[in-house]
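Beneath this line is the structure, given in structure tokens, with notes to follow.
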Amino acid sequence: MQLIDNQYFIQNQNVLEICKKFGTPLYVYDGAKIEEQVNKIKSAFGGVDLKIKYACKANTNISVLKLMKKLGVELDVVSPQEMKLGFMAGFSPEQITFTSSGVAFEEIEDSINHGVIINIDNLPTLEKFGQKYGGSVPCMLRIRPNVEGGGNIKIMTGHKDSKFGIAIEQKDEILAITEKYNLNIVGLHQHTGSDIKDGQTFVDAAAVMLDLAFSFPNLKYMDFGGGFKVAYKEGDIVTDMEDLGVKLTTAFKNFCTKYGRELQLWFEPGKYLVSECGFLFATANVVKNNPRKTLIGVNSGLNHLIRPMMYDAYHEVVNVSNPNFAETNTYDVVGYICETDNFAKERVLPIANEGDIMCFLNAGAYGFTMSSNYNSRFRPAEVLIYQNQAYLVRERETMEDIVKNQILADF
């Protein structure tokens, strides 16, 4: 979002005009930013056979998925529903990986029946898989390398107490099941967490995975997950993709030489690809002067963007209607939900008035996908801007959406 002649623009689209046309609250996604992030990864890992698998739980709008496909990105899904959204966006089964997390075995069967690549995360499921399919269906294994990384304990997935993956300490059990059923293990996977600042975390996790890989002679893929750090505010530490690319590429090439053939290197970024592309626009319903602080109450809340309340996530706030910092005030920005519902605390912003359009940055990941109808509120519309054209990619909900699956009891 750029400030040009005292007006904010996304590509060539005037932000205030977008909000006037589509209403608020409104999610807007900048397709050019998605393309930029994809190209950063491709550039950093240009020396290997690279496959980017978008972790689509971050943002499953089918038009966003369609754009990913256009950019040469494939999908990592975590549910049959995400898998089917991928099909709707044009992905073929072999372009989709289903990374399970303690799911019912019926979901594993459903994914296999649809022809997607299956990634198994626990020993009981691996045993059931072996009993039913043996070596007739290739699979991947999600390994927990016991390497900590992430910006918040709630988004760390590779540590020793995590629910995710098969612990590296269970290597002998993995190999016993593999041998027992003659399983065709074609890939190993790990995901350490999200918002990883230090590239060394990836290097450490990769070292564990590459050592394990020698126990599986038929590998085709090594998936090192995602979690690359993006900036939430000026001065934030971000993952140094160039440095990480050099370190991991070197390690991976050395491994492939010892392994005896070239494998494909996978990453599955989610937030890294879509976080910075997204903006949530909301209208100031009230500017409330309390004795201790001044509040801006907007027509949105944790029902639309839960990350600040769930993870203490930071989202930069911009007063789109008044970009002039000549006169400022310190505000808490709060939502309209009947719950403690803070978007931001003690932010110095240009003077705000009722009716101003407020923007929350970094709202492209885990925004709409984690939204709800709490307080029976409607979820927002979504707009994708691509190649200087604004596309409405989801209509705003109506009362019909709130009640369509409810049945009025006859008593």
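The values are calculated or read from the model by the stated rules, or taken from the named source; none is laboratory data. All values reported here derive from a predicted model rather than from experimental measurement. Heads up, the Cβs are rebuilt from the backbone with ideal geometry, glycines too, and the neighbour counts pull from every protein chain shown. These accessible areas exclude ligands, DNA and RNA; they are computed on the full protein's heavy atoms, side chains included. Shrake-Rupley method; radii C 1.70, N 1.55, O 1.52, S 1.80 Å.
Looking only at residues in the stretch 176-213 that are assigned to a loop (DSSP other than H, G, I, E, B) and at pLDDT below 95, the one that is nearest to V238 (Cα to Cα) is K197.
Within the stretch 310-364, being assigned to a strand (DSSP E or B), polar (S, T, N, Q) and open to solvent by 10 Å² or more (accessible area, probe 1.4 Å) holds for T328, N329, T330, N342.
Regarding E36, is this residue closer than 25 Å to L305 by Cβ and open to solvent by 40 Å² or more (accessible area, probe 1.4 Å)? Spelling it out, E36 is indeed closer than 25 Å to L305 by Cβ and open to solvent by 40 Å² or more (accessible area, probe 1.4 Å).
Scanning the stretch 259-270 for residues that are outside any strand (DSSP E or B), within 23 Å of G227 (Cβ to Cβ) and not acidic (D, E) yields L263, P269, G270. Annotation note: Cβ proximity below 6 Å between a residue of the stretch 382-397 that is at pLDDT 95 or above and a residue that is basic (K, R) (sequence gap 6+ or interchain) occurs for E382/R394; E397/R379.
The set of residues from the stretch 104-146 being closer than 16 Å to G165 by Cα and in a strand (DSSP E or B) comprises I118, N119, I120, C139, M140, L141, R142, I143, R144.
The number of residues in the stretch 250-275 being surrounded by fewer than 22 Cβ atoms within 10 Å (Cβ to Cβ) and among the acidic types (D, E) comes to 1.
Considering the stretch 12-33, the residues that are farther than 14 Å from I357 by Cβ and within 23 Å of the chain's Cα centre (by Cα) include one that is surrounded by the most Cβ atoms within 10 Å (Cβ to Cβ), namely Y29. Of the strands (runs of 3 or more DSSP E) lying entirely inside the stretch 1-82, those containing at least 2 residues that are under 24 Å from T99 (Cα atoms) are 50-55, 74-77.
Against the numbered list (1) among the aliphatic types (A, V, I, L, M); (2) under 30 Å from D121 (Cβ atoms); (3) open to solvent by 20 Å² or more (accessible area, probe 1.4 Å), L75 comes up short only at (3). When residues in the stretch 214-258 are screened for being among the hydrophobic types (A, V, I, L, M, F, W, C) and assigned to a loop (DSSP other than H, G, I, E, B), 8 of them pass. If you check L273, L295, L302 for being on the phi < 0 side of the Ramachandran plot, part of a helix (DSSP H, G or I) and of a type outside the set (V, I, T), only one passes: L273.
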